[in-house]
Structures are given as C-alpha cells and as structure tokens.
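Here's the structure we're looking at; comments come further down.
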Amino acid sequence: MPARNSTAALPGTAGGGALRLRWPLRRLFLRSADDAQSESGLKRAHFREWRLPIWLLAPQLFILLLFFFIPSVRALIQAFQLTDPFGATTQWVGFENFERLFRSGVYWSSAQVTLIFTIAQNVLTLSIALLLAFASNHILRGRSAYRTVLLLPYAIAPAIAGIMLAFLFNPRVGPIAHTLQGLGLDWDPNRNSWHALALIVMAASWKHICYNYIFLVAALLSVPQSILESAYLDGAGPIQRFLRISLPMVTPTLFFLIVINFVYGLFETFAIVDATTRGGPAGATSILVYKVYLDGFVTLDLGSSAAQSVVLMVLALLLTIAQFRYVERRVNYSV
Amino acid sequence: MRSFYGALAGAGAMLLAGLSPARAATEIEFWHAMSGALGERVEELVKKFNDSQKEYVVKAIGKGTYDEVLNGTIAAYRAKRQPEIVQSNERSFLTMVNSGAIVPTSDLMAQEGHPIDASQFIAPVVSYYAIDGKLQAMPFNSSTPILFYNRDHFKAAGFDKPGATWQELEPQLDAIKAKGVSKCAMVLPGDYEWSFLENYSAVNDIPYATKRNGMDGLDTSYVFNKGKLVDQVERMKRLVSSGVMQLAGQGIIPIQLFTSGECSTIIASTASHAAVVAAAKFDWSAAELPYEQGVTPKNSVIGGAALWTLKGHSPEKYKAVAAFYDFLAKTDTQVWWHQATGYVPVTTAAYEAAKAQGYYQKNPTREIAVLQLMRGTPSDNSLGFRIGNSNQINVAIMEEVSAAFLGKKPVQQALDDAVARGNEALRRYEQLNAGKK
C-alpha cells in the first residue's frame, strides 16, 4: 500500500500500484505463526519459486523507484533543511521544520479536517456503492446499461469533476445551489465551512463510488448461488438475504475498499480540493495533502512542505500496518 | 503542422544562409503568465518585435498563472533548462533578487550597449523594481486597483457616481442593496489582500510593515493589526455579513460577476479594462480607490509583474534579451501595450504620448490608474512593499482575514494571528538570506 504514498511526495503523480502490491505486502506484514498453519481460501495462493515473481515485480519496482523512492528520499532530506526555492542557499536546521509544524494551530486544524473528510468520504462512498451494487444486481432489464452509466464518473478527470461541482453548487450561479436555496437552505460553501466540507466530500465520493461499485458488483456475483437459493427457500427476502448472507461474505472486499478509500481520501483528493474549494473558506477544506501542495508549490516553503510529506508518509505506513494487523483478523477470507 | 512549418522555415533559413552572409536568428524563450485576451496581446507584442528586425526571435510561452510560471522556472533552473526571460509578479521581487539566478536588468542593458535610465519609468514602478537606482527587472505589466462601477445601478439607486470616501461609498452600496437595484452591490476581488489592505494602507498613509514596508531591510515586521486597518477589516466583515458585498467563490471569476451586470461594483486591477470592455453590456465607468474621510489620499502601489533575465545563457542570447527590452521601453510599444491591455504605461514618455493623442479624453477611465499612482508625493507608507516570502505570507494573511470577515474569528484576533504568522515567515526569510538586501 505505501505505493500510494508517492502522492505525498509528489502531488498529482498516480501511485497506481496498490492493487498489484497487495499480496506480497500482505505476506510481509502478516508473517505470523498462526497464519502459516491456518492459511485458507485466498491466502493459499502463492508462487512456488522466487525468480518469476521478482521479474513480474521489476517494472513496477522501477516505476516506484522513480516516482516514490527517489522523491521520498529527497523529501526526507529537505525536511531537515531551510532552502531558497532556487537552491541558492541551503541551511541544515535539524527538526525545526517539524517543530514549527507541530506548533502550528493551522496544521492541527488541517489534520482535524482531514480526519472528518476521510471518514465521511469513506462512509458515503461505501454505502452508496453498496446500495447501487445491491440494486443493480436485482435489475433484470438493462443491467449493463445501468452499470455503464454508473461507471462513467470514473473516467472524468478530478479537476473537471471539481470545477463542475463547484459551478453547480456555486451559490450565485449554480442550479443545484439555487434549488437548495429554494428549499430554504442557506447554501453557501464560500462562507460556510461545513458546506464547503460537504462539497468536497460529495465531489470526492462521486468520483470514487464507481471504483467501489465495480468491486462490490464482482464480489456480490461471487457469492455462491446455492446458499442464496437455500435462504430463499427458507423464506428470506432479498434484503434479508443481502444483509445476512451476501454482506458477510463480501467483507474481504469491503475491507479492501475501506483501505483504498482511506488512501484515496488522504492522498489523491488534491485535485478535487484544488478545483472545488482551493482549501477555503479560510482554510476550512485545506486537507493535509492539499497543504503539502500549497506550502510547497504556491508559497515555496519547501522545508515545511517536505516535513509534511514525511509526516504523511509515516501516517500512511502506520495506517496500513494497523489496518492489516488488527482489522483483517476479523475478516472472513474463505470466499 | 507546426513542426512542418518549422522544418520548412529551417530549410529556408539554410538556403538563405547558403546564398547570403545572413546568420540564422538567435531564438530566446519568454515564459509568461498572461492568459485569455492578455495572452493574445503578448503574442501580438512578440510578433511586433520579431517582425521589426531579423536578428532575434522571441518565443512567448504561456506557462499558466504567476505561481505556476514561478514554479516552472524554479524547476527549469534547477534542471539547467531555464528560459532567458520570465515574467514574475511584483510580490516575488525579493525571491527573484536573492535567488542568485538572475542578471539585473540595468547591468544587462549597460553591458549590451542599450543603457537604460531608471528615471524614464514612472516613480511607483522605479521604487518597486529598482535597488539604489538600478533596475533589477524590466518593468512590464504594471497595474493598480481602481473602482469599477455599473452606472445604471447607481442611477437607479439615485446616485450620480460613487463617493470618493468609504464614508460616502458605504451608504450608497447599502442603498443599492436595500432598494433592490442589485442583490450584490460589490463583489470581493480574489486579490483583496492587495487592493483592500496593502493599497488601503498606502492610500491612507498607514504603516503596513516596519522599515518603510521592508524597503530598509529584511528585519521588517508586520504592523497591520492596529488602527485603521482593523477598522477596514471590520468594514469588510460588515459588508460581507450584511450581504452587500458578495463572494464569487470557486467556479467563477469575481470580475465576471461585475461584467455580467449582477454585481454593481468591484475594486479590481486597471488591467480588468480588457475584460470589462469585452463583456460589459451596460453603462459602466470607473473611479479612484475610496479612502478614509479627512485623509489626503496618497498614491496607490503597483501590482502586475516584471520581466526577469535568468543566468546561464550565451552572450548572443543576452544580446537578444537586451534588444527585446529596448523594444519594450520604446514609447510606441508602451502606448500600444497600455491601450491594448489596460495596464498603465510604465514610462513617463508613453503616458505623455497617450495624453497628446487625446486618448484619455475618449477613454477617461484609462487615466485613473496613472493619476492615482502619481498622486502627491509618496510617503514612507506608499513607496511600495519589499517583503521576503511574500507569496507565502500572502496566503496566510488571506486565510486569516477571510476567517475574520466570515465571522470565524474576531477581527482583532485574526489580524494578530496574521501578523504572527507573517512575522514568523519574515524571520525565516531573514535567517536564510542573512547579509543580503
């Protein structure tokens, strides 16, 4: 999963490797004694010798070297420097950049916003994707047409999605904003922090629902028909069958998606924030990854920006380890 | 297609080289931040220069916003692929001067045999871009904020024109809203830190930062958290919270809300003339910035950008750069640029020439910015700003000030926080550039 960290060092660069790296990394993190004996289901799949997997990984590792490892090392170095943007003067300042960061109230409020944003985005994305996956599995006519339509937002560039939503919800000229105002809601994301936050949560989720949806549709299809049919014969309705049988059986997918959604929310929502709110009003939607960009590329405070990327990297690493170590144990992998 | 013509031109040039002693023209790159109509004007300007002689070719390349151009330049400079000329905004002055990456314009011009006299430029431009009388950058697009207003709206509300002071203007804006003439009596510009705070302090002769706003050294500190500047932010807060002043927000540009006829006034750069002329379908006009009652208003300060020459190129390239700057400083070029874009003429001669043409009689609003910039004798508070890390501090100040007028923080506290954040960045700049100007 640290593959996605590349966005922390280099905003806007596609990480891309998360899915492919899932297995080796899981082995790395989960090499505990009880795993070896009780490997079952998906966990049983592995390579019998070491050369082939290395070759298969090589291209990905090369890309990671260029877009993740080299930038990370540079970020790590810069985090301990005070430097002129043109590189004319560089001073080593020890932990000063970090001290400054942790002293700054602005940084902590950004962390708080990020927490709220990622959780809200995760809940919204996953629940809507589940609902849609459930519904589209029960549609008989035109199922593929519905699926195509549902997948379309994924093809839209984040910046375009952001601008579009910013315009639709613009309190002066946006049609949706006018509708909301017509309903008596004093909608104004330019002044109200919560409205702005809701807007970026919506924009980020809208872009990511399709991704969740594909995985959930596939997972729901792989739920054994025989079990569903026997439940049907026992008189269980579609909702009961979904909640009692399908949902528990797709938990590995849900778990995977929760991790991916957190990584997405933390590292890949920069473009959406930039296009929708630019971190405003008054920094209310300036999430951590946006602050890395703002401090590095707009205000040219390279030391602070680098220190922030290092903090994000560490955060991502901790999050990934914690999730795989503690959450995964409760997940049923024997699908 | 372009490469096809390029190849054709190349072949033609080779043929010519074979036939005549003429050498191939020296090509230099000019990275700029002008987009839309202004971007087209830059293309025209460069074409004029390229057509005026055969030795040099300037290639203008739009690289996005000022921030993006600066970022691109830094990345290019670090990779040793920098262009010869780059346009950078007034706020980045110290960043550029202390970058170690530039050739001061005065030195370049003297060396190439086109000595340039700083005194031919108008005073507010010289005080910004010259150190000890030596120009560091080539003044290019200079502007200053003025008040654009919708005359139809003012008439409908029973006013002839906007009042000269804030004390007269505020009730007018309130009336426009109260009488239902417009739901948006004023729209907040995106660069309000420049127009509502920095220029406000210059015009009303209030210190913004110590050491003559940084002119006297890097050990300057912000002091805008007291007196009239607090009242000014209180005023912005009142205008925003009563709905008299609206925020454009993301997805639209503030000036569009003025040109579409939705908002009655905007305080914006005089360069907005280009947009207003192109889009406003109503009777509009402009006026000088409002000031405080009882104050003799001082000059406002410039915004916009200048052209910086980057180090690391061959002597022929610098000859081309000097020839291009020489062309830019010509009165004809300046008059054309001023009239085509709305920016102010940067030389005194160009202003006099435009006046002699009768241009301001036909286009009175085009003279407002010049008159306002040249008004009275500059005081220590209206010379201009020479602040390190200014781009960075600007973001922090805008964040705090908007927290104030959105009611998230008391105004005084927001300004204290802005000053504290600003001063921290100033001290860091001082630490990094110890011993420099």
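The values are calculated or read from the model by the stated rules, or taken from the named source; none is laboratory data. Everything numeric in this text was worked out from a predicted model, so none of it was measured. So basically every Cβ, Gly included, is an ideal-geometry build from the backbone, and we count neighbours across all protein chains shown. We work out accessible area using only protein heavy atoms, side chains counted, and drop any ligands, DNA or RNA first. Shrake-Rupley method; radii C 1.70, N 1.55, O 1.52, S 1.80 Å.
Of note:
- Backbone geometry of segment B:296-301 corresponds, through the Karplus equation with coefficients 6.51, -1.76 and 1.60 at θ = phi - 60°, to 3J(HN,Hα) couplings of 8, x, 8, 5, 8, 10 Hz, x marking Gly and Pro.
- Note: relative contact order over segment A:2-330, using C-alpha pairs below 8 Å and six or more positions apart, is 30 percent.
- Each residue of segment B:409-425 was assigned a 3J(HN,Hα) from its phi angle through the Karplus curve 6.51 cos²θ - 1.76 cosθ + 1.60 (θ = phi - 60°); the sequence is 9, x, 4, 4, 5, 4, 5, 4, 5, 4, 5, 5, 5, x, 5, 4, 5 Hz, with glycine and proline shown as x.
- Projected over all directions and averaged, the alpha-carbon convex hull of segment B:39-97 occupies 4.9 nm².
- Measuring only protein heavy atoms, the 1.4 Å probe finds B:Thr65 accessible over about 70 Å².
- Selected from B:Gly303, B:Gly217, B:Gly388 as most flexible by GNM, with chain B as the system and alpha-carbon contacts under 10 Å: B:Gly217
- Solvent-accessible area lost in complex, 30 Å² minimum, residues of segment B:359-403 relative to chain alone, 1.4 Å: B:Gln392, B:Val395, B:Glu399
- Student exercise, chain B dipole from Lys, Arg, Asp, Glu Cβ charges, in Debye to nearest 20: 480
- For the protein assembly as shown, the per residue solvent-accessible surface stands at 44 Å², with DNA, RNA and ligands left out and a 1.4 Å probe.
- Residues whose placed amide H lies under 5 Å from that of B:Ile146, excluding near-sequence neighbours: B:Ala268, B:Ser269, B:Thr270
- Among B:Gln334, B:Gln250, B:Gln412, residue whose mean-square fluctuation peaks in a GNM of chain B (springs only between Cα atoms under 10 Å): B:Gln250
- Note on A:Asp301: accessible area approximately 10 square angstrom, rounded to 10, probe 1.4 Å, nucleic acids and ligands left out.
- Total accessible area lost when A and B pair, probe 1.4 Å, Å² to nearest 100: 3300
- Residue order for A:Leu165, A:Leu247 - accessible surface, 1.4 angstrom probe, largest first: A:Leu247, A:Leu165
- Hz values of 3J(HN,Hα) by residue in segment B:62-78 - Karplus curve (6.51, -1.76, 1.60), Gly and Pro given as x: x, 10, x, 6, 4, 4, 5, 4, 5, 4, x, 5, 4, 4, 5, 5, 5
- At least 20 Å² accessible surface lost relative to isolated chain, residues of segment B:36-82 (1.4 Å probe): B:Asp67, B:Asn71, B:Ile74, B:Tyr77, B:Arg78
- Accessible area per residue was computed with a 1.4 Å probe on protein heavy atoms; B:Glu262 scores about 70 Å².
- Fraction of accessible area attributable to carbon and sulfur, segment B:128-185 (%, probe 1.4 Å): 49
- Amide proton proximity set for B:Ile116, modelled H, under 5 Å, gap of 5+: B:Ala110
- Solvent-accessible area of segment A:2-330 (1.4 angstrom probe, protein heavy atoms only): carbon and sulfur portion equals 68 percent.
- Of B:Trp194, A:Trp206, the residue with the largest accessible area leads and the full order is A:Trp206, B:Trp194 (1.4 Å probe).
- Solvent-free Debye calculation, one equal scatterer per alpha-carbon of the protein assembly as shown: log10 I(q)/I(0) at 0.05, 0.06, 0.09 Å⁻¹ equals -0.32, -0.45, -0.95.
- Alpha-carbon centroid distance for the pair segment B:158-199 / segment A:116-136, whole angstrom: 45
- Sorted largest first by accessible area at a 1.4 angstrom probe radius, with every protein chain in place, the residues B:Tyr318, A:Tyr290 fall in the order B:Tyr318, A:Tyr290.
- When Rg and the Kirkwood Rh are both derived from Cα coordinates, the Rg/Rh ratio for segment A:2-330 amounts to 1.01.
- For A:Gly280, distant residues with modelled amide H under 5 Å away: A:Thr285
- Burial of accessible area (probe 1.4 Å, heavy atoms of protein chains only) in segment B:226-253, relative to its chain alone, reaches at least 10 Å² for B:Val240, B:Gln246, B:Leu247, B:Ala248, B:Gly249, B:Gln250, B:Gly251, B:Ile252.
- What you get for the protein assembly as shown, charging only the Cβ of Lys and Arg (+1) and of Asp and Glu (-1), is a dipole of about 2240 debye around the Cα centre.
- Most mobile listed residue (B:Phe196, B:Phe93, B:Phe282) in chain B, GNM with C-alpha springs under 10 Å: B:Phe282
- Number of partner chain Cβ atoms within 10 Å, mean per residue of A:294-300: 6
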